[in-house]
There are 2 protein chains.
Amino acid sequence: MRWAEGFIAVDWGTTNRRAWRIGADGAVADRMEDDKGVLSVPAGGFGHAVAEIAARLGDRPMLLAGMVGSNRGWREAPYVPCPAGLPELAGRLEWVELGRIAIVPGVSLDAGDAADVMRGEEVQVLGAYAEGLIGGDATVCHPGTHNKWIRLEDGRIAGFRTVMTGEMFSLLSGHSILADLLAGRAAPGPAFEAGVRRGLEGAELTAELFSVRARVLLGKARREDAPSFTSGLLIGADLRTGLALAGAGPVSVMGRPDLTGLFAAALALAGRPAQELEGEDAFLCGARHLAELIQ
Amino acid sequence: MRWAEGFIAVDWGTTNRRAWRIGADGAVADRMEDDKGVLSVPAGGFGHAVAEIAARLGDRPMLLAGMVGSNRGWREAPYVPCPAGLPELAGRLEWVELGRIAIVPGVSLDAGDAADVMRGEEVQVLGAYAEGLIGGDATVCHPGTHNKWIRLEDGRIAGFRTVMTGEMFSLLSGHSILADLLAGRAAPGPAFEAGVRRGLEGAELTAELFSVRARVLLGKARREDAPSFTSGLLIGADLRTGLALAGAGPVSVMGRPDLTGLFAAALALAGRPAQELEGEDAFLCGARHLAELIQ
């Protein structure tokens, strides 16, 4: 019954980690966040990295989710195949220390030609469902480095598709011929909307992206509009993929508020109502419900 | 009449430069190549960088083409708008030293929503036409960092579209989550062909690219096939853009033989016959015909 007395939930991604101490009443008692993502931990260094969290937040049972369970993480927690709900995840926890430290498995899709994987988003999406924030049959869009479009059926993840929208924007702004044009911040507005429309129309990205530069060179577009237009273009293309997978009805957009805002604005242009949900809240819901299933 | 006695032609790109001494008989008498691309020359350093070429190949009139005429180069040679043929380029040379050193202008497209620019490829394409290697009404595909699809009408560049295929592969293999999968070399074969077909079908690139990784993680695709599949996918998407612009009849694929081979293989899958042309030969044809127009 130790988990009912409180535990620590950790969302441990590639480039950063966040951890919360959940009290016996289910409320957040303390929290921490730093940039010690999975890629920054040396081989054999996870024991120490976890001890840092315990030293900071207290010695409690610990539930770890995200890339910490990948082959680049602490210990690989094999994917649970779709359809996957919280009971399937709870039944396939990877126990690093039995009863004390568990890694949540990711979810995989392997159906004919389709193949996809996720680690971390499943806790948020299934947590939001368990908490009643979204229905059991829903479409979730989870923007981030890798956006996930997720179909929930009967409260379980039935299928999903990953789109590299965030990573693509980062590659272009960091290393491409568009880098100097993309130094600014993307924001909703006319340039963003024009980009979304081009993406929704099915413009070929590798061609359309060069046009961003050419239009500025020829004085047909404003340099300062390039980040918003390009973000819109990538998100519009992303929506083409996601809406082909989505059922009817509203789309729940879950994640960081700056990203969910952009995706909700793009969905409005596509004529689809969107419900925005804070990813951190959803993660904590998922962690609490998983902890209940452990006991 | 000094140009008729021989001159030096320079193809000066972003990352390297190639120069040839053309004799009075039009044949290549000597040549050089190094990695002193435009980006490696410091501000104010072009006089010295050009003197190196003269010291190596002889003191002759000099015709420079490529990014050396851009705002990052020696001196900006304003774009000639479409339709542009060799006479238009010759009439708009940027003379750094009158009668002795000229920079060839690039070509721009500015038509309604369409905007595009090129620097360097125009010499090759118009040179191939002037030499009779391609007809006056032709479609040219010029793969490279930025592939150019070019429509020639009556021997002039009537329109064109740039696709960032080469740069995208380089971004993905250098900096993305696919980097370790893309370390190998792309080559024609079944994996390449499967990628081309996906691209021709209109698969959304940002979604399809993540699937490359997921299929390997789930054991549905071989790791060593990832470079060829990904190259095929990008080239297939590129062809969708280019063939929408192309007229009927064969496509002339011009450039480096390793790249023209991949594009010709992809065009065959799209049911379009392709004629491969060596870009260096075409450049020398263009330089010779431009030199004739100077006299």
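Data overview
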read-out: Selection count, segment A:226-261, where residues are within 13 Å of chain B (Cβ to nearest Cβ) and basic (Lys, Arg); value: 1
read-out: Single residue of A:ALA246, A:ALA282 found to be open to solvent by less than 40 Å² (accessible area, probe 1.4 Å), within 18 Å of A:PHE160 (Cβ to Cβ) and within 14 Å of the chain's Cα centre (by Cα); value: A:ALA282
read-out: Cross-chain or 6+ apart pairs with Cβ under 8 Å, segment B:185-207 first and without any contact (Cβ under 8 Å) to a residue 24 or more places away in the chain and facing chain A (nearest Cβ under 10 Å), then among the β-branched types (Val, Ile, Thr) and not in a helix (DSSP H, G or I); value: B:GLU204/A:VAL163; B:THR206/A:VAL163; B:ALA207/A:THR162; B:ALA207/A:VAL163
read-out: Which numbered condition A:ARG100 fails, given (1) open to solvent by 10 Å² or more (accessible area, probe 1.4 Å); (2) within 14 Å of chain B (Cβ to nearest Cβ); value: (2)
read-out: Number of the condition not met by B:MET254 [criteria: (1) open to solvent by 10 Å² or more (accessible area, probe 1.4 Å); (2) part of a strand (DSSP E or B)]; value: (1)
read-out: Residues within segment A:18-57 that are without any contact (Cβ under 8 Å) to a residue 40 or more places away in the chain, assigned to a strand (DSSP E or B) and open to solvent by less than 10 Å² (accessible area, probe 1.4 Å), tallied; value: 1
read-out: Criterion: small (Gly, Ala, Ser) and at pLDDT below 95 - qualifying residue of B:GLY174, B:GLY144, B:GLY135; value: B:GLY144
read-out: Candidate set from segment A:170-184 (those that are in contact (Cβ under 8 Å) with a residue 40 or more places away in the chain and at the interface with chain B (Cβ under 10 Å from one of its Cβ atoms)); member that is farthest from the chain's Cα centre (by Cα); value: A:LEU178
read-out: Residue, most open to solvent (accessible area, probe 1.4 Å), within segment A:165-209, restricted to residues that are among the charged types (D, E, K, R) and assigned to a helix (DSSP H, G or I); value: A:ARG197
read-out: A:LEU109 within 14 Å of chain B (Cβ to nearest Cβ), open to solvent by 10 Å² or more (accessible area, probe 1.4 Å), on the phi < 0 side of the Ramachandran plot and assigned to a helix (DSSP H, G or I); value: no
read-out: Failed condition for B:ALA221, given (1) within 20 Å of the chain's Cα centre (by Cα); (2) buried (at least 20 other Cβ atoms within 10 Å of the Cβ); (3) not in a helix (DSSP H, G or I); value: (1)
read-out: Only listed residue being modelled with pLDDT of 95 or more, under 14 Å from B:PHE192 (Cα atoms) and of a type in the set (Phe, Trp, Tyr), chosen from B:PHE263, B:PHE283; value: B:PHE263
read-out: Test result for B:HIS142, facing another protein chain (nearest Cβ under 10 Å), open to solvent by 10 Å² or more (accessible area, probe 1.4 Å) and either closer than 22 Å to B:GLY69 by Cβ or in contact (Cβ under 8 Å) with a residue 12 or more places away in the chain (or both); value: no
read-out: Within segment B:145-164, considering residues that are assigned to a loop (DSSP other than H, G, I, E, B) and open to solvent by 40 Å² or more (accessible area, probe 1.4 Å), the one nearest to the other protein chains (Cβ to nearest Cβ); value: B:THR145
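Listed here are the residues, each with its yes/no results for (1) open to solvent by 10 Å² or more (accessible area, probe 1.4 Å); (2) at pLDDT below 95.
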{"position": "B:MET67", "(1), (2)": "yes, no"}
{"position": "B:ASN71", "(1), (2)": "yes, yes"}
{"position": "B:ARG75", "(1), (2)": "yes, no"}
{"position": "B:PRO78", "(1), (2)": "yes, no"}
{"position": "B:ALA84", "(1), (2)": "no, no"}
{"position": "B:GLU88", "(1), (2)": "yes, no"}
{"position": "B:GLY91", "(1), (2)": "yes, no"}
{"position": "B:GLU94", "(1), (2)": "yes, no"}
{"position": "B:VAL104", "(1), (2)": "no, no"}
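The values are calculated or read from the model by the stated rules, or taken from the named source; none is laboratory data. These numbers were taken from a predicted model, which means no experiment stands behind them. Counting neighbours? That spans all protein chains shown, and the Cβs are built from the backbone with ideal geometry, glycine included. Note: areas computed on protein heavy atoms with side chains; ligands, DNA, RNA excluded. Shrake-Rupley method; radii C 1.70, N 1.55, O 1.52, S 1.80 Å.
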